[in-house]
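Every number here is computed from the coordinates shown, using simple stated rules; none is lab data. Quantities reported herein were computed from a predicted structural model and do not represent experimental measurements. As a convention, Cβ positions derive from the backbone with ideal geometry for all residues, glycine included, and neighbour counts pool all protein chains shown.
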Amino acid sequence: MKKLLQINPTVRESTSTGKIMREIGEMAISAGWESYIAYSGARDGIPPHSSKLVPVGSRLDLLGHFLATRLFDAHGLASRRATRKLIERIREIDPDIIHIHNVHGYFLNYPELFAYLAASGKPVIWTVHDCWLYTGHCYHYASAGCDRWQTECHDCPCKTRFPASYGLDRSRRNFRLKKQCFTSLPNFTLVVVSDWMKSELAKSFLADVPCLTIHNGIDTQVFAPEESLADGGVYYLAVASIWLKEKGLEDLAELAGQLSPDERLVVVGKMSESQKRSLPEKVETIERTADVRTLVRLYSGATALVNPTWQDNYPTVNLESISCGTPVVTYRTGGSVESVTPETGYIVEKGDVKGMYGCLQQIRQQDREAWRRSCRDHALRHFDKSTALDAYLQLYESLS
C-alpha cells in the first residue's frame, strides 16, 4: 500500500489548510493509500481524524520557537529536537509522497528537515499557500509594495508582521538560507493555488522548480443557494477568518459611509474590540462561526459579497459566495480576481471604494435571479473540490 505524509502546523478543519489536508487524506484513503499528517501537537492536540496523525513538538518547543521568532527573527530555525523526532518518524513510516503545506508555524526546523529530504530523494510536493517560502521573512509582501525577494531580501518592511520579530532583522540571512535549502531537493514539485502565484514564483529563486496550478475547490453541494433567503432585504456581506489590516477593514468602514438608508453591511470574522469600535454603527458584525449552515444563509441572502483585500492568493470566500449564487466585488489583488468573471461579479482597482460601491449598485439594480443562475453555473463548472482532489491524486500517482 502506498503511503502519503502531509505536513502543516494545524490540522483542525476551522483552518483552510487543515480542511484541505483532511479532504486530501480522505481522497488518498479512498484510492487505497495510507494517509499520515504531521502537525504541531502543541497547537492542536490530537483531534479525531481519518488520517493517522503525527503530532510534532511540545508546548515547551512551541514557546522556544515563539521566542526565537520574536527576538531573533529565527522563524523556522528553532524546534531542532522536535524536527529530529519527526525525521525518525518519517523514516519509520517510509512514505511514497511527502506533501508539504506549511513548515512555518512555530513547530519545525526547516534546514534540518530539508537536509533529510534532500538525502532521502523522496518525491516532495509543496502546495504554496502563501509567500513565506521564498522571502526572507514575510508571508506576503503585496500590501507593503516590496519586491526585494526578487533579488535578495534585506531591511524587511514587514518585520513586525507574521511571523513578527521585534528584535533582530535577519531577512537577508533567512533569504539565503531558504534559497540554499529549498533548491536542494532532487525530486521537488511546487503546486500553486493561483496563476498569480505561479507568475510570482517565476521571479523568485524557485523559478527552475517544476510548478503547476491546482486551484482550491469547495463542496458545492454544501455551499449552495438557500432560495428561501432570496428576498431577505438588501445587505452586502464581507467575510474573513481574521480581519487583519490587509483584508481591507478600513475600506469597509469607508464603504459603509456611502450606503443608503435601506442598505446594510454585514461583516463576518474575528476582530478586536478596537476594530469593532472603528466601524460605523450601521455595520453589523458577526463573530467568526464554525456553523457552515449559518454562513451559507448569509452568503445566499446577500446582494453581493464585498472583498476589499489588499493581498491574497486565492480567497475561498469568493468561491463560497459565488457557489451560493451571490456575485463578488473585489479589488484587483493577486489571485482574488481569478474566480471573478463578468458572469460572477466585478473587479475594481485597489483602494477604489467609490468604484466598489458603484459596482454594488449595478448588481442591486440588475436581475437577482440572473446573477444567482450565472454564479451557480460557474461554480459547478469550476469550483467543485473533486476537481482539485483528482488533480492531486494524479500528481501523486505520477511521482510515486
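For the stretch 44-188, a simple Cβ point-charge model (Lys and Arg +1, Asp and Glu -1, everything else neutral) yields a dipole of about 320 debye relative to the Cα centre.
With the contact rule set at Cα under 8 Å and sequence spacing of 6 or more, what percent relative contact order holds for the stretch 227-383?
Values: 281 pairs, mean separation 35.7, N = 157.
The value is 23 percent.
Note on the chain: Kirkwood hydrodynamic radius from all Cα pairs is 22.1 Å, rounded to one decimal.
Pairs of lysine in the stretch 227-383 with Cα under 15 Å and at least 8 positions apart or on different chains: total?
Details: Lys245/Lys270; Lys245/Lys276; Lys245/Lys350; Lys247/Lys270; Lys247/Lys276; Lys247/Lys350.
Final tally of qualifying lysine pairs is 6.
Computed over the chain, the per-residue total of -39500 (n - 2.57) for DSSP H runs of n ≥ 4 gives a 222 nm mean residue ellipticity of -11500 deg cm²/dmol, rounded to 500. Distant-in-sequence amide contacts of Tyr331, defined by a placed amide H-H separation under 5 Å and a gap of 5 or more residues or a different chain, comprise Asn307, Thr309, Val348.
Would you work out if the stretch 227-383 is rounded, prolate or oblate? Take a ≥ b ≥ c from the square roots of the eigenvalues of the alpha-carbon gyration tensor; rounded if a/c is under 1.5, else prolate when a/b is larger than b/c, oblate otherwise. It is rounded, given that a/c, with a ≥ b ≥ c, falls under 1.5. Partnerless cysteines in the chain, where a partner means another cysteine C-beta under 4.7 angstrom, comprise Cys131, Cys146, Cys153, Cys156, Cys181, Cys211, Cys324, Cys359, Cys375.
Charge dipole of the stretch 292-363 (Cα centre as origin; +1 on each Lys and Arg Cβ, -1 on each Asp and Glu Cβ, all else neutral): 220 debye, rounded to the nearest 20.
Here's the list of lysines a cross-link from Lys179 could span, going by alpha-carbon distance under 25 Å and ignoring same-chain residues fewer than 8 apart: Lys85, Lys122, Lys159, Lys198, Lys203. Ranking Met271, Val353, Gln366 by Cα position along the charge dipole of the stretch 227-383, where only Lys, Arg, Asp and Glu carry charges on their C-beta atoms, puts Met271 farthest toward the positive end. Please work out whether the stretch 295-389 counts as rounded, prolate or oblate from its C-alpha gyration tensor, where a ≥ b ≥ c are the square roots of the eigenvalues and a/c under 1.5 means rounded, while otherwise a/b larger than b/c means prolate and anything else oblate? Cα axes put the stretch 295-389 in the oblate bin.
Beyond 22 Å, how much of the Cα-Cα pair distribution for the stretch 61-198 remains, as a whole percent? Each step should come with its number before you reach the end.
Working: 3539 of 9453 pairs.
Roughly 37 percent, once rounded to a whole number.
Of the residues Asn102, Thr69, Thr15, the one whose Cα sits farthest toward the positive end of the charge dipole of the stretch 7-117, with +1 on the Cβ of Lys and Arg and -1 on the Cβ of Asp and Glu, is Thr69.
Using only alpha carbons, the stretch 1-100 has a radius of gyration to Kirkwood radius ratio (Rg to Rh) of 1.00. One Cα centroid belongs to the stretch 178-222, the other to the stretch 342-377; the line between them spans 31 Å. Take every Cα pair under 8 Å whose residues are at least 6 apart in sequence, average their separation, divide by the length of the chain, and the relative contact order is 13 percent. For a quick check, take a GNM of the chain with Cα springs below 10 Å and name the residue from Pro123, Pro47, Pro111 with the largest mean-square fluctuation. Taking springs between Cα atoms under 10 Å, the residue moving most is Pro47. For the stretch 123-268, the Stokes-Einstein estimate of translational diffusion at 4 °C and a viscosity of 1.567 mPa s comes to 70 µm²/s, using the Kirkwood hydrodynamic radius over alpha-carbon pairs. All Cα-Cα distances of the stretch 169-240, cut into 10 Å bins from zero to the largest, leave 14, 28, 23, 16, 13, 6 percent in each bin in turn.
What does the C-alpha gyration tensor say about the overall shape of the stretch 83-159? Classify as rounded when a/c is under 1.5, otherwise prolate if a/b is larger than b/c, or oblate.
Values: a/c = 2.66, a/b = 2.38, b/c = 1.12.
Prolate, since a/c reaches 1.5 and a/b exceeds b/c.
Comparing Gly355, Gly257, Gly105 in a Gaussian network model of the chain where C-alpha atoms under 10 Å apart are linked, the largest mean-square fluctuation is found at Gly257.
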